[in-house]
Structure formats: C-alpha cells, structure tokens
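Here's the structure we're looking at; comments come further down.
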Amino acid sequence: MIASQKNEFLPEKELRELQLSRLQAVVKRVYERVPFYRQAMDAKGVKPEDIKSLDDLRRLPFTTKQDLRDNYPFGLFAVPMQEVVRIHASSGTTGKPTVVGYTANDIAGWAELMARCFMMVGLSKDDIFQISYGYGLFTGGLGLHYGAERLGATVIPASGGNTRRQLMLMEDFGTTVLCCTPSYAAYLADEINAAGLRPKLKLRAGIFGAEPWTENMRRELENKLEIDAFDIYGLSEVIGPGVAFECIHKNGMHIMEDYFLAEIIDPETGEPLPEGEKGELVLTSLTKEAFPVIRYRTRDITRLHREPCPCGRTFVRMEKVTGRSDDMLIIRGVNVFPSQVESVLLEMGETEPHYLLVVDRKNNLDELEVWVEVSEKLFSDEVKRIEELERKIHHGITSTLGINVKVKLVEPRTIPRSEGKAKRVVDKRELFKE
Ligand code: DLL
C-alpha cells in the first residue's frame, strides 16, 4: 500500500544510486529556482553538474536557520505560491518564525513517510490514533494526522492540552496509539493512574518526540502506560516529524534515507566527521518540491551508525539527540531561544539587561521561570508598580514564546555575572545526566 516501503530494504548500492539521482535533481532545482542557493553555490564555485557522487555533497554550502530568517517569509521557496498548498512555521529567535512550505506532492509524500513510520512498528488501520501534538503552525499535529489517515487508521485530532478531555477521549473512543511529546505523555500517565483509568484503556503504543527524552523516560512511560513507546524525530525546516523513527528494536532511529541525506559534522569547524562519531546532524532533503533544503544544519547533536539492524532495514540509525550546538531550549515541545526573551525585555526598556531563564520539570511538566533584574529605584517604589511591570513582562514573553512562563523580578546583581559568554539558562531538568 505504501509504494516507497520497498526502499526501506534496498541493498546499499541501490539506495546510494537512488540518493544520488535525487540529490542531483534537487541541486539542479534549487540552483535554477532559488537565488539564495545559486549565489551560495556560485560563491563556492560549484555547479549542479559537479555533483557526480554522494561525496560531492560536501562541496555544497550549508543552510542555516539564519538563512531562513534572512529570506523570511517565502524567499527560499522553489515553486510559485500558487503551487504551495500549506505553510508551517516554528519559532524564530526574535519573534519572527521560520517559515516552510509544501506542495500537494510534498504533503502526499510526507503523509506516506509518516504512514511508513507507523507500519514499521506494526500499527495499522485497526488503530485509533489520538494526536495530542499541537495543531496549527507546528508540524507535529498535522504531520502525524495526515500520516495516520494515510495508514487508514482512525484519527482523533485532539491537539495538546485540556488533560481531562484527553482522558475522556482516550477512554470513550478506545484510543490505541497516543501521539504527543514525552513530557506530556508522562503527565498524562500520572493523571491516568491517579484516576485509576488504565484498566479501561486500550492503549498499546506511544509515538513520542519533538523534544529530547531518555531511555529512563521510555521505561517509565512504558511501565506506567503499559505500552510500547517509540521515539520520532524531525524538524520543520526539513519536513516535520518523520525524518527518523525507531523500528520495533528501539535501538536508534532509522533515518528515512530515500527522503533525506544525513551527515555528521564538527559543529565548530563544519568538517564532516567519520561515521560513528558524535557531532551535529546535517540534513539534505531529496524529494521536497516547495522547500528543498541543502545541508541544513539542525544543531542537534547525535551519532550515526550503520551496523545491520535485526529488522533488516538498511537505513542508517541515529542515536537519541543528546543536546544542541546552539542555545535553543525545548520547553513542552516548544522551541525557545533566550534571545526571544531578551528582545521582549529590550523592547520594553524598563528593566536592566540582565535576565536568566530557569527551566525545571515538575510533575513531568516543564516550567520556565524568567528572572529579570530591575533597578534599585523600582524596588523602593510601591509594590503596585512592580506588579504592573511583572504583568507586562509576563504578557510580552508569553505571547512571544507561545508558552506560559513565570516572571520573577529580582534586585540588582542577583543574577550571577559572567566574564565570558553570559549564562542565560539554568536547566535543572538535566535530561541526559543519568
Ligand atoms: O518538533 C517536529 C516533530 C513533531 C518531531 C512531532 C517529532 C514529533 P520543530 O518544532 O521544528 O519540529 O523542532 C525541531 O525539535 O531540531 C530537535 O532539536 C527537537 N526534536 C524533535 N524531535 C526530537 C526527538 C518538530 N525525537 C527540533 N528527540 C529538532 C530529541 C527532538 N529532539
């Protein structure tokens, strides 16, 4: 039913041939249609016809999030807007999101990719998917939604939040597959158990991603929810969820190599690292029409390995993402940059330029507290002024980040100064220190 499923088991040689022909086509496409890529390739002295082998990939320029910002909103699209049927976006560093687009073929291909992921772990049209990733500009909700429909499964487009309703839907509609961030799954698990609901549920699998999580967390979710929990990776710039997914062996996520080419580079030098070494993941889209990306620097730190997988798939596997090479935080699945907070504060101009983001996880839910220094004078003023300012900052930050935060105004010199790079974040979640 899923035509591209045959690619999952292609012998190495055939897979490389397929990748090369797709790479040549996409490079030609962006060179001819996207001025940014033409300029970047000209600057490196590379023409599309120079791409004769997969090794020539490294001759191509990188694409970064900054390039997306510089070409906001549609400057990197490779088709006229009449052919773009969907837009998604993710948070940028200063309020403006990074924007991606899809043609009808892109949407169909993505749905197929997601359906393939589900089939990899034995899900089928008999399943009932509760999609509790956010719907909207975020790729999570609609990305999984279209994939589950393509599979022929029943879809409950629950979106995130409203926990009580989530539990009701789960019970009444017989949800078998829960799709959400792992931190939300952990929260739901506690609520389910507190309500003694598990015996009434038909849950059998969880598709969790959009933020880093650990093997410990997997064990906890699997035990509490009595399910198989699978890790799904992706990013909007490259397509959304479905770039990589685990097979039933849960030993690394297979990167969908017929859709994407993966490299690992040294984040400092940009040089490709030998296979098996840990570094920054760089992805090139091989099939997308509206928004192809060449050597996109994901900033995600991981490792690739090619040992044969017992499932028989030949696609390379990536380890769980253990960090980022930039300062992006993921809080309840939402991407947050400290610079977003800074720009809100600077725009307001009523505080000192010293702030700190304190991230913690309580009852399995991420919490963000923003500490902001205010002048001595303000502190000696009446309480009302302080409360007013707190409210204003709260409103500014909440509406920019799209998540709720706590704001704490503090006295001058409360936040430690640093002599080098300012330390803007205290992340108490310490996910990977197990
Ligand atoms: O988070 C797409 C997605 C939706 C993936 C639903 C999985 C499930 P963005 O909002 O663009 O897209 O955020 C992408 O999230 O660069 C990683 O840093 C992080 N991320 C995504 N999946 C995982 C994962 C979606 N499984 C950024 N493990 C990426 C660790 C992940 N980090």
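At a glance:
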item: Unique match (being over 18 Å from the mean Cα position of the chain (by Cα), in contact (Cβ under 8 Å) with a residue 12 or more places away in the chain and within 14 Å of the ligand (Cβ to nearest atom)) among 202, 278, 250, 224; result: 250
item: Residue check for residue 121: within 16 Å of the ligand (Cβ to nearest atom), closer than 25 Å to residue 315 by Cβ and either assigned by TED's automatic domain parsing to the domain that holds residue 100 or buried (at least 19 other Cβ atoms within 10 Å of the Cβ) (or both); result: yes
item: Members of the stretch 227-247 found to be in a strand (DSSP E or B), among the β-branched types (Val, Ile, Thr) and touching a residue at least 60 places away in the same chain (Cβ under 8 Å), listed by number; result: 232
item: Hits in the stretch 32-46 - residues which are surrounded by fewer than 19 Cβ atoms within 10 Å (Cβ to Cβ) and assigned to a helix (DSSP H, G or I); result: 32, 33, 35, 36, 38, 39, 42, 43
item: When residues of the stretch 125-157 are limited to those that are of a type in the set (Gly, Ala, Ser) and away from the ligand (no atom under 14 Å from the Cβ), the one farthest from residue 195 (Cα to Cα); result: 152
item: Residue match in the stretch 282-304 (condition: more than 15 Å from residue 237 (Cα to Cα), away from the ligand (no atom under 15 Å from the Cβ) and assigned by TED's automatic domain parsing to the domain that holds residue 74); result: no
item: Which listed residue, of 62, 74, is under 20 Å from residue 138 (Cβ atoms) and at pLDDT 95 or above; result: 74
item: Given (1) of a type in the set (Asp, Glu); (2) at pLDDT below 85; (3) within 25 Å of residue 431 (Cα to Cα), index of the condition residue 369 fails; result: (2)
item: Filter result (within 17 Å of residue 265 (Cα to Cα) and charged (D, E, K, R)) within the stretch 279-325; result: 280, 295, 297, 299, 300, 303, 306, 317, 319, 320, 324
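The values are calculated or read from the model by the stated rules, or taken from the named source; none is laboratory data. Just so it is clear, the model here is predicted, and its values are computed rather than measured. Virtual Cβ from ideal backbone geometry, glycine too; neighbours counted across all protein chains shown.
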